[in-house]
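Please read the structure below before turning to the comments.
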Amino acid sequence: MRRFLVATALVGSLFLAGCAGDSPAPVAAVPSPSSADPAAAVSAFKESFDRLYEAGTFSMIVNVSSPVRGNNGVQIQAWVDDRRKALKSSVFQSGRSYEVVRLGDDLFVQVEAGEWLRVDLGRLDPAAPLVQNIDITSFSGVLGGLVSATHSGDQVGGPYTGVVDLRRAVEAAPASHRPAIEQVLDLATNANALPIRGTLDDAGRLKELNYTVETAAGDVKTQIRADDFGEPVEIAAPPAAQVKQAAAEFYELVGA
């Protein structure tokens with residue numbers, strides 16, 4: 001097993017994090033963009049990620065830059081079928097790639113081409129980044145800390161701009177996901193006033209989200225794009241002949 005691939009699996013966990021329970025509760029109708037009420041803009045922007053799950057299926061691309069020399073950042077492509085509690089995620093970094101597949105309680109992690117590990121979720125700490133990377137139910141990242149927002153343009157979808165307080169994002173997140181956001185909070189020099197912008201579709205679903213976390217090492221820029229709402233998606237387990245049970249060292253590495 002290549003330690004590089006497993007370490008890469010932990011990158012970007014905050015941006016696709018959620019809780020593994022039931023789907024988010026239905027949210028109210030998206031407010032009119034003509035509303036002058038700032039609270040309406042905050043509600044629409046904050047709820048836009050949960051609205052993705054109303055479509056049943058969707059895709060997402062996450063691009064995260066890195067200020068670390070020699071690190072070209074990471075791209076995560078994810079396909080979600082919330083009706084089956086299924087997720088397929090492909091991660092690309094520095095010319096390498098790997099996949100993670102979740103089907104209900106079954107989790108498969110690709111460690112090399114043609115080689116997968118079946119992982120027992122019950123042995124993983126709920127706060128472990130790998131767990132947060134594959135949970136698909138509700139967004140528990142920066143939008144949870146949205147304290148102000150404005151809507152501009154003539155369309156329901158915005159654009160929206162806002163300010164996030166990462167401390168409030170920690171407070172709003174489920175307990176099992178707070179450690180991931182706390183790590184970002186500890187590094188961010190703009191934690192109490194993180195600027196954020198995004199667009200929604202006509203149904204109030206998140207289409208694009210952009211923000212920059214300023215750190216002592218440099219800026220970490222994140223762009224999230226969602227698409228393919230309600231479109232068919234194929235998520236299947238890897239071939240049985242390519243799957244092995246994860247050994248104890250795997251759980252020690254990723255957090256058990």
Flagged pairs (Cβ under 7 angstrom, 6 or more apart or on separate chains; first in the range 156-173, buried (at least 20 other Cβ atoms within 10 Å of the Cβ) and among the small types (Gly, Ala, Ser); second modelled with pLDDT under 90 and not in a strand (DSSP E or B)) are Gly157/Asp202; Ala169/Gly141; Ala169/Val142; Ala169/Gly144; Ala169/Ile181; Ala173/Ser140; Ala173/Gly144; Ala173/Ile181
Looking across the range 70-121 at residues that are open to solvent by 40 Å² or more (accessible area, probe 1.4 Å) and of a type in the set (Phe, Trp, Tyr), the single one that is farthest from Glu231 (Cα to Cα) is Phe92
Apart from one, (1) in a strand (DSSP E or B); (2) farther than 30 Å from Glu214 by Cβ all hold for Glu54; the odd one out is (1)
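Determine whether the range 189-208 contains at least one residue that is of a type outside the set (A, V, I, L, M, F, W, C) and closer than 28 Å to Leu124 by Cβ. Steps first, answer last, please.
Step one: of the range 189-208, the residues of a type outside the set (A, V, I, L, M, F, W, C) are 189-190, 192, 195, 197-199, 201-202, 204-205, 207-208.
Retained after the next criterion (residues that are closer than 28 Å to Leu124 by Cβ): none.
Checked the range 189-208: no residue is of a type outside the set (A, V, I, L, M, F, W, C) and closer than 28 Å to Leu124 by Cβ.
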Log entry, pairs with first residue in the range 233-247 being among the polar types (S, T, N, Q), second being open to solvent by 30 Å² or more (accessible area, probe 1.4 Å), beta carbons closer than 8 Å, six or more apart or on different chains, reads Gln242/Gly114; Gln242/Glu115; Gln245/Arg118
Residue pairs within 8 Å by beta carbon, gap of at least six or interchain, first lying in the range 186-210 and under 12 Å from Val164 (Cα atoms), second part of a loop (DSSP other than H, G, I, E, B) and of a type outside the set (Ser, Thr, Tyr), listed first then second, are Ala191/Asp165; Asn192/Asp165; Ala193/Asp165; Leu194/Asp165
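Just name the residue that is nearest to Arg51 (Cα to Cα) out of those in the range 174-189 that are surrounded by fewer than 24 Cβ atoms within 10 Å (Cβ to Cβ) and touching a helix residue (DSSP H, G or I) at 6+ places or on another chain (Cβ under 7 Å). First the steps, then the outcome.
Kept after step one, since they are surrounded by fewer than 24 Cβ atoms within 10 Å (Cβ to Cβ), are these residues of the range 174-189: 174-176, 178-179, 182-189.
Now drop any that are not touching a helix residue (DSSP H, G or I) at 6+ places or on another chain (Cβ under 7 Å), which leaves 178, 182, 184-185, 188.
Numbers: Arg178: 22, Glu182: 25, Val184: 25, Leu185: 26, Ala188: 28 Å.
Result: Arg178.
Hey, can you tell me all the residues within the range 192-204 that are in contact with a strand residue (DSSP E or B) (Cβ under 8 Å, 6 or more places away or on another chain), open to solvent by less than 80 Å² (accessible area, probe 1.4 Å) and closer than 19 Å to Val147 by Cα?
From the range 192-204, those in contact with a strand residue (DSSP E or B) (Cβ under 8 Å, 6 or more places away or on another chain) are 193-202; that's our starting set.
From what is left, the residues that are open to solvent by less than 80 Å² (accessible area, probe 1.4 Å) are 193-196, 198-201.
Ala193, Leu194, Pro195, Ile196, Gly198, Thr199, Leu200, listed by residue number.
The values are calculated or read from the model by the stated rules, or taken from the named source; none is laboratory data. On a predicted model such as this, the values are computed, not experimentally measured, just so you know. Quick reminder, even Gly has a Cβ in these numbers, built from the backbone with ideal geometry, and neighbours come from all protein chains shown. With ligands, DNA and RNA removed, areas are computed over all heavy atoms of the protein, side chains included. Shrake-Rupley method; radii C 1.70, N 1.55, O 1.52, S 1.80 Å.
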